[in-house]
Every structure is written in C-alpha cells, then in structure tokens.
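Presented below is the structure to which this report refers.
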C-alpha cells in the first residue's frame with residue numbers, strides 16, 4: 001500500500017480518521033511507522049500534539065503524540081511542495097538540482113544540439129513547470145536555474161560560451177521555449193488569486209488546516 005494523507009479542519013477530525021485507519025490496518029495486517037508520521041498544523045506549527053484514538057477492541061494503542069512541522073519546513077501535499085512561511089527556497093533547490101542532474105546526464109551523451117533542445121522543451125520544462133506550480137520566480141532566477149542546459153546546447157552546437165541567449169530562442173535551428181514565459185502562462189489562475197478576492201476565501205478555508213501523512217511499513 002502507498003502512504004496515506006489525512007486531512008481535516010479540526011483535531012477531532014484527525015482523531016476520527018486515525019481511528020478508522022488504525023482499525024483498517026489491524027483488519028488487513030498492515031503496519032504503519034508512526035515514527036515517520038508527518039503532521040502539519042497551520043495554526044500552531046512546531047507544537048507537540050496529543051491524539052486520542054477511539055477505543056474499539058481492534059486498536060491496541062489508543063494514543064499518539066506527534067510534533068507538527070516548523071513554519072519554515074517544506075512538505076509535500078498531493079505531489080506538490082508547500083511551506084507555511086510561503087518560502088520557495090526548498091522548491092528552488094529542487095529545481096536547480098533537477099536541471100543539474102539532467103545536464104550531467106546529457107553532457108557525455110552523443111547527441112546533437114537539436115536533440116538536447118527537444119529534451120529541454122518536452123521533458124525538462126514540463127517537470128520544472130509541475131515542480132514550480134506553487135512558486136513564481138523572477139526571470140533572472142529562472143534563467144539561472146536552466147543555465148546548465150543552455151551551456152550544453154551551446155557546446156553541442158559548437159557555439160562560444162558567450163553566444164547571446166537570443167540566438168537559442170530562434171525558431172531555427174533550436175526553437176527553445178522561453179522558460180519564464182511558459183511558467184508565467186501556466187500561472188494565470190494564480191494571478192487571479194493574487195489580484196482577486198479569492199485569497200481571503202482560501203485563507204479562511206485553510207486557517208485551521210490539519211494534514212497528517214501516514215507512512216506505512218513495507219510488507220514482508
């Protein structure tokens with residue numbers, strides 16, 4: 001089984017869900033590693049929370065104590081990384097690492113510059129767009145993230161390292177997509193949230209959000 005994510009608007013809601021999952025695990029002979037549980041409590045980060053589970057006979061342990069994540073700690077929810085402090089540094093590090101890993105993989109490959117450009121457009125930008133969907137960086141930062149890939153394209157094409165980036169954006173021969181423009185285009189809804197009234201509504205909804213990630217032990 002995969003790890004589980006429990007979401008509720010109150011502590012009692014999380015306790016009810018924990019009781020249900022504990023009973024389900026007992027019935028199906030599944031073991032969860034409570035030491036790796038991740039708790040997010042938006043109203044009181046970095047606090048020790050005591051949970052009391054319902055006392056049906058199938059549940060052996062009726063209590064659970066967890067420490068909620070710190071304000072600056074990044075966490076993954078439904079495949080997307082967030083931070084209660086609205087900091088994007090962790091996501092930025094992930095993006096840089098993703099580009100560097102791909103650049104290192106393609107450096108020694110016998111590929112044409114057009115091949116690398118295609119992988120950049122079709123694969124790397126798609127992955128970055130998904131990873132950065134909750135973060136919006138300036139054009140200069142985006143350019144610094146993808147710089148290693150541009151260096152490879154220039155080298156594969158036999159161009160000098162000082163070649164202007166404008167040449168790479170020409171439709172022929174590379175047709176490289178502008179990363180910042182692509183990311184910005186995908187954030188139309190985010191811009192509506194920023195300049196509209198929806199942020200107030202979302203704040204009211206998530207003001208007392210409880211999220212608990214349950215980590216299951218591998219089956220033997």
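The numbers here are math on the coordinates, done by the rules we state, and not lab data. Keep in mind that what you see is a predicted model, and the values were worked out from it rather than measured. Ideal geometry is used to build each Cβ from the backbone, glycine not excepted, and the neighbour counts take in all protein chains shown.
Roughly speaking, what is the stretch gain from residue 43 to residue 109, that is 0.36 nm per residue apart minus the C-alpha to C-alpha distance, in nm to one decimal?
Details: separation 66, 0.36 × 66 = 23.76 nm, distance 4.98 nm.
Gain on stretching residue 43 to residue 109: 18.8 nm.
Each Cα pair under 8 Å and six or more residues apart adds its separation to the average, and for segment 67-196 the resulting relative contact order is 26 percent.
Compared with the alpha-carbon gap, the fully stretched path from residue 96 to residue 181 is longer by 28.8 nm at 0.36 nm per residue. Taken along the Cα-to-beta-carbon direction at a fixed 7 Å, the label points for residue 78 and residue 3 span 1.7 nm. The calculated P(r) of segment 87-186, using every Cα pair and 10 Å bins from 0, goes 15, 52, 29, 4 in percent. Inter-label distance, residue 85 to residue 54: 3.9 nm, where each label sits 7 Å from its Cα along the C-beta direction. Packing, taken as the mean count of other beta carbons within 10 Å per residue, orders the peptides 159-165, 17-23 from highest to lowest as 17-23, 159-165. If you find the alpha carbon centre of segment 107-132 and of segment 11-51, how far apart are they in angstrom? Using only Cα atoms to place each centre, the spacing works out to 40 Å. In vacuum, with every alpha carbon of segment 74-144 counted as one equal point scatterer, what does the Debye formula give for log10 I(q)/I(0) at q = 0.11, 0.18, 0.29 Å⁻¹? Two decimals, please. These q points yield log10 I(q)/I(0) values of -0.32, -0.75, -1.40.
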